[in-house]
Ligand code: 13P
């Protein structure tokens, strides 16, 4: 089954509103609209930038999606500092990153939290917001040699209780922690090994058809120089880009590599 590639930029905690609007406009200027028939493109700015960035692409009539970097699972209530699924839906978000390793590391997010967020996002498919579920091992786990089991357990936990028909809308991003922001990219073979294992795990949890429908991305120091080789791997359906997504030319070049 042919899966449409997805190139998503994770801006992390970068870009004020003014800076974010400039970056979105630069991305819009660099992008050829017909590329978006062949590759899905999204940017995930901080919450404060979501609406302004969405408005830039809307004004330019450019089909670039906007995603949040996190969400809380309750729809509303006394949860100071949190943002809900209906709130990001109203902005026009079509994606939401869930369980990024930085959230797991610095904000104590657990596999159980990730699962609740995935359920909250997949509950209403009328105006869908597709979760981009991040998984990936630390250097210590890689060196121990148990990284496949570790990532499999994260995938199983994230999808617990999710039915096959809705699971197909989810996206998994394999982001080895040792490759994030370090310039030390996984080799295409290392990335393919784990992305392939993720798909096998999805086939065990669901079935071949569901596993073949779910997009699996790679993330971790992906840039315009290494994207082509990574994206040519059979089980890598796109990229979740950090640092290189903050430079319009680099980000758009990665999009071109996915065509
Ligand atoms: P870098 O591309 O900066 O390594 O970040 C990857 C990442 O964490 C994307 O979510």
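The values are calculated or read from the model by the stated rules, or taken from the named source; none is laboratory data. This one's a predicted model, so the numbers in the text were calculated from it and none came from an experiment. Don't worry about glycine lacking a Cβ; one is built from the backbone with ideal geometry, like all the others, and counts go over all protein chains shown.
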Unmet requirement for residue 137, which otherwise passes all of (1) within 16 Å of the ligand (Cβ to nearest atom); (2) within 19 Å of residue 237 (Cα to Cα); (3) in contact with a helix residue (DSSP H, G or I) (Cβ under 6 Å, 6 or more places away or on another chain): (2)
Scope the stretch 79-108; condition within 16 Å of the ligand (Cβ to nearest atom) and over 21 Å from residue 216 (Cα atoms); matching residues: 105, 106, 107
Residue 161 being more than 11 Å from the ligand (Cβ to nearest atom) and in contact (Cβ under 8 Å) with a residue 12 or more places away in the chain: yes
Close pairs (6 angstrom Cβ cut-off, 6 or more residues apart or separate chains): at positive phi in the stretch 179-190, near the ligand (Cβ under 9 Å from one of its atoms) and in a loop (DSSP other than H, G, I, E, B) anywhere: 183/221
Matching residues in the stretch 1-33 - criterion: being surrounded by fewer than 17 Cβ atoms within 10 Å (Cβ to Cβ), in contact with a helix residue (DSSP H, G or I) (Cβ under 6 Å, 6 or more places away or on another chain) and closer than 15 Å to residue 253 by Cα: 26, 30
Test: residue in the stretch 171-178 that is more than 15 Å from residue 9 (Cα to Cα), touching a helix residue (DSSP H, G or I) at 6+ places or on another chain (Cβ under 9 Å) and free of Cβ contacts under 8 Å to residues at least 12 places away in the same chain: no
Boolean, residue 32 is modelled with pLDDT of 95 or more and more than 15 Å from the ligand (Cβ to nearest atom): yes
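Would you call residue 255 in a strand (DSSP E or B) and modelled with pLDDT of 95 or more?
No, not satisfied.
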Residues of the stretch 188-205 satisfying the condition of being out of contact with any strand residue (DSSP E or B) (no Cβ under 7 Å at 6 or more places or on another chain) and under 19 Å from residue 150 (Cα atoms): 189, 190, 192, 193, 196, 197, 200, 201, 202, 203, 204, 205
In the stretch 160-170, the residues that are buried (at least 18 other Cβ atoms within 10 Å of the Cβ) and in contact with a strand residue (DSSP E or B) (Cβ under 8 Å, 6 or more places away or on another chain): 170
